Structure formats: structure tokens, C-alpha cells
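S.K.: Pasting a structure below so you can have a look.
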Amino acid sequence: MNGSNKKISTVGLILIIQLVILIILSLGITKTISSNTRKDSIDHMQTITNERAHIIQTYVENAEKTLIYFSRAEDVSNILRFPDNSTYVSKAQAYTEKYSADIGNVEGLWIGTWDTHCIAHTNAGTVGIQTRQDPDKQKELQDALLKAGDDGVYNTGIIISPASGKQIVSMYKAVYDESGEPIGFVGLGIFTNELVQNLDNLDIKGIKESSYAMINVNDNKYIFNNDAKKIGTAATNKNILNICKELSSGSGSSEGSFQYKNDGKKYISIYSYMPKYNWILMIDDTKDEVYSLTRVMRSYMAIFAVAILALTLLFAYLNNKQEKANQKLASTIIKSNKTKESLYTAMFKDVLTDVSNRIAFSMDFEEVNSPPSRPYYFIMYNIANFSDINSRYGNDIGDWLLVRTVDVIKQVFKNCKIYRSGSDEFVISMQVNETDRKNTDILEDAADVYKRLTSAQTTPAGKINFGFKASVARKSGQVNSSVITVLKDMINKDPQANFGHITYSDMDANENA
């Protein structure tokens, strides 16, 4: 009897210890998940804010590019060089009206002389007006235009237009003569209402009560705000003022968050800084909505803890060991598979273009120890002056060109192996039955790819022509990675390689010679 009581007490003690441990673990896990969920919510809003800031910056940059393209038109330079020529004046006015009609959402597009007389405008009734009669104001604009340079735009930012009374993006671009002297400028005003509508139409999952605000760091004034009365007024929130002060001094962070209270409600504001224009975009939402997922997770964790407690009473001892063993085995298998996949991708694949890399080329051909049954043809395409492309248009355009090069190659050379053998070069390998496919057929296909690559490409930055070099080599004997060196030497030694001339070499004949 005493032994039985002792046994029951021991089992009960074990269960009590297990329950206490489980409760402690549940509380710890709940706290950790709550903390991580709150962090994830902030990170989610930060990602959204950064994306919206990028949309705004792209919108303004596209407007700048539109103005740059307009400034380079022949009709613009003609009227600025000969403002009294009625033919040039008529053509410039017609071109201005047509160009602005194609832009859409434009308040005004115009051409002005260096002393700010309007000589062509979207609204013909504005022609003849001098926009800045004060010499100091004229010089202020002229200095800003000269500082922007031939390739730059003087962006005055988002302002309230004195003409329409509406909010616009306002910018100017100097026009120079052949000697490099300024002869005038062009101006553009784009309404921001389309930008605001585009931002409002973008669904933000989980924070539907959010609102936008944008601050000009130069003067701490609102550019956007859901309260229209605040637009153009200085911010009074101490957090915003401190962020503007730190960014102005160069010590502030380009992104972050802060909390504030308004009308009894607590809010969280996430901001993203656009240094090019010195603007801050903020997305504000109530703290309750931002952390709503945290409350849901806590509820789920509470239910989960109760369920686990009940299950522990039933299966605590035997099932626990088996479950841990199964989880450990599954985790080991998953980690092993992921490791193998990651190692393969890292070693043999080019992540950007999703084609094989130079290591893969070496592995594929270093193992060919005997002459192949059919000859190989190797074709190399090298992007001319690739570093200059990155410098001039940015790395995004460079990456776009690399992907585009692979796409064009695949359009012509179907079912062929493609390798990215260098930062700016690609090699195609194919084993050919020369009875069915002649040498000339391959050279014609190589020329077709070259023609497609060097034709004007419609890139995210507009239409651009890119230069390429190309070479073709035939090899029927033993193949190894020295083929790449041969292809590169052929390109580098041929002065015509940049002008559509594709060099060809029969490596077998050269070896026999």
C-alpha cells in the first residue's frame, strides 16, 4: 500500500515538473514570437516605405529624362539660336505642344531664352512672358542650370504652382550651343496628382488604415500629407524635426521608425530618405493595426499552449522522445539537400543570368579526353565597354543587358549550352552534325544574334545602342578550356570586331599548321 502511494507520488511529481517546464517554455516562446512578430511588422512597413520612395524617385527621374530628351531636339536648339526666325518659332511651338501631349499629366512644357523670356509653351498664350524679371532671380536660376551641367537637370522639387495653384514637380534643363555656351533652357511642370493616385491604389497588406506624408528636409515642410491643409507648412513633430536635422548634418539614418501620439491614439511612422532630392517619405499607421498580428500570434500561442499541455498529460513521455528523433532526422535531411543545392548553384551557375559559369565550362570539357564523335562549334559574344555602360547608365541597366544578351542568344541558338565565361562575355557550345548543318549556317546564326544585340534596345532607361564583339571557333579534336582563350584572342586581335565582323577560326587547321 505504501509502495503504491509512493509510486503514484513519483509519477505525479514527474508530470508536475513537466508541466512547469512546459509553461515556462510556452511563456518564453510566446514572448520571443511576439517580439519577432513586432519586428517583422516594422520590417514589413519599412520595405513598403522603401518601395514607395523608389516609386516616387523613379517618377521624378522619368520626368527629368523626358525633359532631357526634349532639350536635345533640333527644333529646340533652332529656336534658341534664331528666336526671330518665324519658321523655327512655328516648328518649336508645334513640337512643344505635340511633345507635351505625349507626356500626359503635364502642367506646362516650355522653351525660354537665357534671360527667361518664354518663346514656346504648351499654352501658346504664355509665349512672350518673362518669368524672372529680377536680375538676382535670373542669376539664381542661371547658376543652378550651369551647376547641373549639360547632362543634368535643375530640379526645384515638388511645389505649389503659381500658375495653376496645384502641386507639381518643377524642373529646368539648360541648352548649350556647339561651343558649349548656354543659349537658353527648357522647363517642365508635372502634376503630382497621378503619383499620389498611383501610391493610393497600391494595396498595402495588413495596414489598410495607413497614410502617406512627405517632408522636404531643406525646410522641414510637408510635400504630401493626408491633411491637405498641412501641405506647404512646416512639420511640428519633434521626431520629424530631429530626423531632418540629423539628415541635414549628414549623420542621420536613411531609414527608420518612431512612435508618436495624436488625438489620444498611438501611431507608428516609418520613414525612407531620398538623398538625391533631400526628401523623406513616411508611412504612418495606428500602433494597434501595425501590431495586430502580434496579438493574433499571442492568442494562437495561448491556444497552442493549452493544447500542448493537454497532449503532454496524455503522451508526454513516450511520444516526446520519438517526436524529437523524427524532427532531428527531417531537419538533417532538409539541411543536407539545401546545402547540396546551394553548393551546386554557387559553383556552377551564374545567379543573374541563370546560365552555366566558367567553372562549369571547365568541368564539362576537361573531362573530354578523347576526340568527340562530332565537331564542336564555340561562339563568343563580348559586350564592348561594359564598365562604361555601368558608369553611364547604372548597374541596373548593366544587369538588364546581361540578361537580355542571354535571351537573344537563346532565341537563335535553341537547345545549346550557354556559359557566362567572364563579367561581360558569353560562350555558346554546340556539337554539330556537319552533314545537316553547314559551317555557313552557324556563321549566319552568329551574325543574326550580333545584329539583334547591336540594334537599338528598349531598356528601362529608354532606347540604347550597345556594342558587341564576336568570334567563332571550330574544334573536332580534344576540347578543353583553352577554347575560351582562343576566342578572346581572336576578338582582341581583330580591329574590326566592333563593327559587325565576326572572326572565325578552325582550331584543327591551326594546330596542324
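S.K.: Treat region 242-289 as a sphere of radius equal to its Kirkwood radius over Cα pairs and apply Stokes-Einstein at 10 °C in a medium of 1.306 mPa s; give the translational diffusion coefficient in µm²/s, rounded to a whole number.
M.R.: Details: Rh = 11.6 Å.
Reported coefficient: 137 µm²/s.
S.K.: While we're on this one: How far is the Cα center of region 375-423 from the Cα center of region 73-112, in Å?
M.R.: Centre-to-centre distance over Cα atoms comes out at 39 Å.
S.K.: Note down, for region 82-201, the three equivalent ellipsoid semi-axes (square root of 5 times each alpha carbon gyration tensor eigenvalue), biggest first, whole angstrom. Please report the intermediate quantities before stating the final value.
M.R.: On the way: eigenvalues 114, 65, 38 Å².
Result for region 82-201: semi-axes of 24, 18, 14 Å.
S.K.: In terms of the Cα gyration tensor, with a ≥ b ≥ c the square roots of its eigenvalues, is region 13-165 rounded because a/c is under 1.5, prolate because a/b exceeds b/c, or oblate? Present the calculation step by step, with values, prior to reporting the outcome.
M.R.: Values: a/c = 4.76, a/b = 3.90, b/c = 1.22.
Prolate shape, in that a/c is at least 1.5 and a/b is the bigger ratio.
S.K.: For region 401-513, with all protein chains present and a 1.4 Å probe, just round the carbon and sulfur fraction of the accessible area to a whole percent. Could the numbers behind the result be given before it?
M.R.: On the way: 2490 of 5430 Å².
Here carbon and sulfur together make up 46 percent of the probe-accessible area.
S.K.: Continuing with this model, one more query. Report the paramagnetic label zone for residue 463: residues of region 69-108 whose backbone N is under 12 Å from a point 7 Å from Cα along the Cα-to-Cβ axis.
M.R.: Taking a point 7 Å out along Cα→Cβ of residue 463, no residue of region 69-108 has its backbone N under 12 Å.
S.K.: Tell me, what does the Kirkwood hydrodynamic radius of region 410-478 come to in angstroms if you use every pair of distinct C-alpha atoms? List each step's numbers first, then the result.
M.R.: Details: mean 1/r = 0.0718 Å⁻¹.
Hydrodynamic radius (Kirkwood, Cα only) of region 410-478 equals 13.9 Å.
S.K.: Looking at the P(r) of region 16-89, how many percent of alpha-carbon pairs lie beyond 17 Å?
M.R.: On the way: 1934 of 2701 pairs.
Of the Cα pairs, 72 percent sit more than 17 Å apart.
S.K.: Same structure again: Please state the equivalent ellipsoid semi-axes for region 148-267: what are the square roots of 5 times the Cα gyration tensor eigenvalues, largest first, in whole Å?
M.R.: On the way: eigenvalues 225, 71, 38 Å².
The three semi-axes for region 148-267 are 34, 19, 14 Å.
S.K.: Grab the Cα-Cα distance for residue 163 and residue 352, subtract it from 0.36 nm times how many residues apart they are, and report the gain in nm with one decimal. List each step's numbers first, then the result.
M.R.: Details: separation 189, 0.36 × 189 = 68.04 nm, distance 4.79 nm.
Result for the pair: 63.2 nm of gain on full extension.
S.K.: Same structure, new question: Pop out the ³J(HN,Hα) list for region 449-466 in order, Karplus 6.51 cos²θ - 1.76 cosθ + 1.60 with θ = phi - 60°, rounded to Hz; leave Gly and Pro as x.
M.R.: 4, 4, 5, 5, 5, 8, 6, 4, 9, 8, 9, x, 9, x, 7, 9, 9, 10
S.K.: As a quick test, which of the pairs 139/245; 39/266; 238/266 have an alpha carbon distance above 20 angstrom in this structure? List each step's numbers first, then the result.
M.R.: Numbers: 139/245 29 Å; 39/266 17 Å; 238/266 15 Å.
Flagged as over cut-off: 139/245.
S.K.: Of all DSSP beta bridges located in region 113-250, what percent are antiparallel, nearest 5? Please report the intermediate quantities before stating the final value.
M.R.: Numbers: 22 of 23 bridges.
Counting only bridges with both partners in region 113-250, antiparallel ones make up about 95 percent.
S.K.: Given charges of +1 on the Cβ of Lys and Arg and -1 on the Cβ of Asp and Glu, with all other atoms neutral, how large is the dipole of region 137-194 about its Cα centre, in debye to the nearest 20?
M.R.: Working: 5 positive and 8 negative charges, 79 e Å.
Result for region 137-194 is approximately 380 debye, rounded to the nearest 20.
S.K.: What is the spread of the Cα atoms of region 358-513 along each of their three principal axes, largest first, in whole Å?
M.R.: Extents along the principal axes, in whole Å: 48, 30, 30.
S.K.: Rounded, prolate or oblate: which fits region 101-149 when a ≥ b ≥ c are the square roots of the eigenvalues of the alpha-carbon gyration tensor, with rounded for a/c under 1.5 and prolate only if a/b beats b/c? Could you put the intermediate results ahead of the total?
M.R.: Details: a/c = 2.80, a/b = 1.50, b/c = 1.87.
Verdict is oblate for region 101-149.
S.K.: Still on this model: Hey, for a label at residue 81 modelled as a point 7 Å past Cα toward Cβ, could you say which residues of region 164-190 have their backbone N under 18 Å away?
M.R.: Counting backbone N atoms under 18 Å from the label point, the list is 174-186.
S.K.: Ok, one more. So with the 1.4 Å probe, I'd like the accessible area per residue for region 423-513, rounded to whole Å². Please list the in-between numbers first.
M.R.: Values: 4510 Å² over 91 residues.
Roughly 50 Å² per residue, with all protein chains present.
S.K.: Something else about it: In square nanometres, what is the average projected area of the Cα convex hull of region 365-429? Walk me through the numbers before you get to the answer.
M.R.: Values: hull surface 21.2 nm².
Averaged projected area of region 365-429's Cα convex hull equals 5.3 nm².
The values are calculated or read from the model by the stated rules, or taken from the named source; none is laboratory data. Keep in mind it's a predicted model, so treat the numbers as computed, not measured. Methodologically, a virtual Cβ is constructed for each residue, glycine included, from the backbone with ideal geometry; neighbour enumeration extends over all protein chains shown. The protein model used for the area step is the full one, side chains on, heavy atoms only, and it has no ligands, DNA or RNA in it. Shrake-Rupley method; radii C 1.70, N 1.55, O 1.52, S 1.80 Å.
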